[in-house]
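These notes are about the structure you will find just below.
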Amino acid sequence: MRRAAEDNAPLSFSPEHLSSLRSGGQTEEQPLSGAPSTMRHTDAQPGLEQDDNWGETTTAVTGTSEHSLSQEDIVRITKDMEDSVGVDCRRYLGLTLAGALGLLVFLTPLAFLALPHLLWPERLKACGTACEGLFISVAFKLLILLLAVWALFFRPARAGLPRLFVFRALLMVLVLLFVVSYWLFYGVRILDSQDENYHGIVQYAVSLVDALLFIHYLAIVLLELRQLQASFCVCVTRSTDGEIRHYNLGQLSIQRAALAILENYYRDFPVHNPALLTASKSRAAKHLAGLKVYNVDGPGNNGAGQSRAMIAAAARRRDTSHNELYYEEADHERRVRKRRARLVVAVEEAFTHIKRMQEEEQKKAPGEVMDPREAAQAIFPSMARALQKYLRTTRQQHCHTMESIQQHLAFCITNNMTPKAFLESYLTPGPTLQYGRERWLARHWTLVSEDAVTSGLKEGSIFLLKCIDFSLVVTTKRIPYIKLSEEFIDPKSHKFVLRLQSETSV
């Protein structure tokens, strides 16, 4: 598929399109500017007038079918399938092993109590009152253990990590060795000898459940409590625009620290906007394009000399480039303030119109009242042009689609929000999670580290989190040891006496 216009080509709304919005009709989802649209236009129906900017907003369909695949697409799809299959198999294998171990743990105490009744019931001694009371203890302890395991381990997976979680794997191995040891002792000392003391067998099962509860307490300490105390301060820098955030982390491995950083990234970092990075590149290209080299000695191939001449000319013009940058930024700020003022006025007028409509609709029959979605579609054209120009000027046009703006407008109308509350999402760049998932959700992150990702954080640790468009550079500093001293201040030292002389003038 080839587009008929560049991605940054402007897009405007036709009068027919605006009239369809006023009438409450459904429209196709499009960005407010030349960002690639998620809907493909079909042939125009007879009798309908084409949009004036159809060459900029439509998609040109060539001889290649939209369902055809190139060799690169096949290779990429195959690689994605292999990666997804490997990750899924590893995840389901871990879940299967954990489930099998959990069943073994919970069935072992019950098996210890049931096997003597099944194998040698006639030789068992009668279970007294104290023995029967232990049954209640085993039942409630198993119930508590079941709820505790469910609360700690049965939680939705937040991410797929490249390596095993070391502490969790060690706990699983410890539980397995512990249960196997109990089974070996049970088989040698009870099954082989067919012990007649059933009270002792019940106490043996109770001791197993108690030990499992202590192991669960150890799991809470290693998996949850150990990382609560902050030990390191990590500096996270986005490679493209230099956005920086600092976080305090506890005793974590590198891969667990990377997961915590990514969770905070989507909440704290503003959305990545590649359009803001093109200004310096275009300025440099325009600066070099204005340089021309003439060969006064006649035609000849003197590329090295021309390069040196352009570098020298660029160095001579370097003194004036800061003036160009200053006036360019000043002009940009002026245009932003101007279009922001127009946008604020347009939105306030639209919300005032909504209030008038609500007062009129209260007098109508219930069947004639407009819902918030229809009201948003009715007033959106009055602010669409001002909002479109403002988003283009601030280079946010690719972050907001027309459909998302209408949904946000309907949300504000439903909850009786003010124009300032509606504009806050567009006047101030928000966190990454504020925007649609297709704008911020990176399907795959790559952790690059010289140290093993299962090793713990330490002073000076540096690792990268890479996605398609940018990377996060993480540097680690240990929180310094702080020593506080106490100084006692005598309360009498703050007291003073004011002595007034009798001849003092008043």
If you check every pair at least six apart or on different chains, which have Cβ atoms under 9 Å apart with a residue in segment 228-241 that is of a type in the set (Asp, Glu) first and a residue that is modelled with pLDDT under 95 second? Asp241/Pro270; Asp241/His272; Asp241/Asn273; Asp241/Leu276; Asp241/Leu277; Asp241/Phe470
Might you let me know whether segment 250-264 holds any residue that is at pLDDT below 90 and surrounded by 15 or more Cβ atoms within 10 Å (Cβ to Cβ)? no
Counting only helices (runs of 4 or more DSSP H) entirely within segment 315-418, those with at least 3 residues that are over 25 Å from Leu433 (Cβ atoms) and either at pLDDT below 90 or aromatic (Phe, Trp, Tyr) (or both) are 318-361, 372-393
So Asp210, is it farther than 28 Å from Gly456 by Cβ, of a type outside the set (Val, Ile, Thr) and surrounded by fewer than 15 Cβ atoms within 10 Å (Cβ to Cβ): yes
List the pairs whose first member sits in segment 185-203 and is surrounded by 16 or more Cβ atoms within 10 Å (Cβ to Cβ), whose second member is in a loop (DSSP other than H, G, I, E, B) and modelled with pLDDT under 85, and whose Cβ atoms are under 6 Å apart, counting only residues at least 6 apart or on separate chains? Tyr198/Leu124; Tyr198/Lys125; Tyr198/Cys127
In segment 213-249, anything surrounded by fewer than 16 Cβ atoms within 10 Å (Cβ to Cβ), over 28 Å from Leu146 (Cβ atoms) and among the aliphatic types (A, V, I, L, M) is listed as Ala230, Ile244
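Please tell me if Leu464 is closer than 13 Å to Ser239 by Cβ, among the hydrophobic types (A, V, I, L, M, F, W, C) and not in a loop (DSSP other than H, G, I, E, B).
When the stated conditions are applied, Leu464 passes them.
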Within segment 166-194, the residues that are out of contact with any Leu (no Cβ under 7 Å at 6 or more places or on another chain) and within 20 Å of Val138 (Cα to Cα) are Phe178, Val180, Ser181, Trp183, Phe185, Tyr186, Ile190
Quick check: anything in segment 473-495 without any contact (Cβ under 8 Å) to a residue 24 or more places away in the chain, within 30 Å of Glu333 (Cα to Cα) and either touching a Gly at 6+ places or on another chain (Cβ under 8 Å) or part of a loop (DSSP other than H, G, I, E, B) (or both)? no
Given the conditions (1) at pLDDT 90 or above; (2) surrounded by 13 or more Cβ atoms within 10 Å (Cβ to Cβ); (3) not charged (D, E, K, R), every one holds for Gln434 apart from (1)
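Among the listed residues Leu124, Leu146, which satisfies the condition of being touching a residue at least 12 places away in the same chain (Cβ under 8 Å) and within 24 Å of Ala100 (Cα to Cα)?
Leu146
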hydroxyl-bearing (Ser, Thr, Tyr), touching a strand residue (DSSP E or B) at 6+ places or on another chain (Cβ under 6 Å) and part of a strand (DSSP E or B): does that describe Thr454? no
Out of segment 191-212, which residues are modelled with pLDDT of 90 or more and touching a Lys or Arg at 6+ places or on another chain (Cβ under 6 Å)? Val209
Scan segment 471-502 residue by residue and report those that are within 30 Å of Gly250 (Cα to Cα) and either in contact with a strand residue (DSSP E or B) (Cβ under 6 Å, 6 or more places away or on another chain) or of a type in the set (Asp, Glu) (or both). Ser471, Leu472, Val473, Val474, Thr475, Thr476, Lys477, Arg478, Ile479, Glu486
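Could you tell me which residue of segment 383-408 is surrounded by the most Cβ atoms within 10 Å (Cβ to Cβ), considering only residues that are of a type in the set (A, V, I, L, M) and free of Cβ contacts under 8 Å to residues at least 60 places away in the same chain? Before the answer, list the steps.
Looking only at segment 383-408, we keep the residues that are of a type in the set (A, V, I, L, M), and these are 383-384, 386-387, 391, 402, 405.
With free of Cβ contacts under 8 Å to residues at least 60 places away in the same chain added as a condition, the list becomes 383, 386.
Values: Met383: 25, Ala386: 19.
Across segment 383-408, the extreme among qualifying residues is Met383.
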Which numbered condition in (1) of a type in the set (Phe, Trp, Tyr); (2) within 24 Å of Thr96 (Cα to Cα); (3) surrounded by fewer than 15 Cβ atoms within 10 Å (Cβ to Cβ) is the only one that Phe165 fails? (3)
Would you mind stating whether Phe411 is aromatic (Phe, Trp, Tyr), surrounded by fewer than 18 Cβ atoms within 10 Å (Cβ to Cβ), out of contact with any strand residue (DSSP E or B) (no Cβ under 6 Å at 6 or more places or on another chain) and more than 18 Å from Asn273 (Cα to Cα)? yes
Flagged in segment 320-344 as under 20 Å from Glu424 (Cα atoms) and either touching a residue at least 12 places away in the same chain (Cβ under 8 Å) or touching a Phe, Trp or Tyr at 6+ places or on another chain (Cβ under 9 Å) (or both), in numbering order, are Arg335, Val336, Arg339, Arg340, Arg342, Leu343, Val344
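From the list Phe106, Phe135, which residue is modelled with pLDDT of 90 or more and either under 30 Å from Leu262 (Cα atoms) or part of a helix (DSSP H, G or I) (or both)?
Values: Phe135 fails: modelled with pLDDT of 90 or more.
Only one candidate passes the filter, namely Phe106.
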Could you tell me which residue of segment 118-132 is farthest from the chain's Cα centre (by Cα), considering only residues that are surrounded by 11 or more Cβ atoms within 10 Å (Cβ to Cβ) and part of a helix (DSSP H, G or I)? Arg123
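The values are calculated or read from the model by the stated rules, or taken from the named source; none is laboratory data. All values derive from a computational prediction rather than experimental measurement. Note that we place each Cβ from the backbone using ideal geometry, even for glycine, and neighbour counts take in every protein chain shown.
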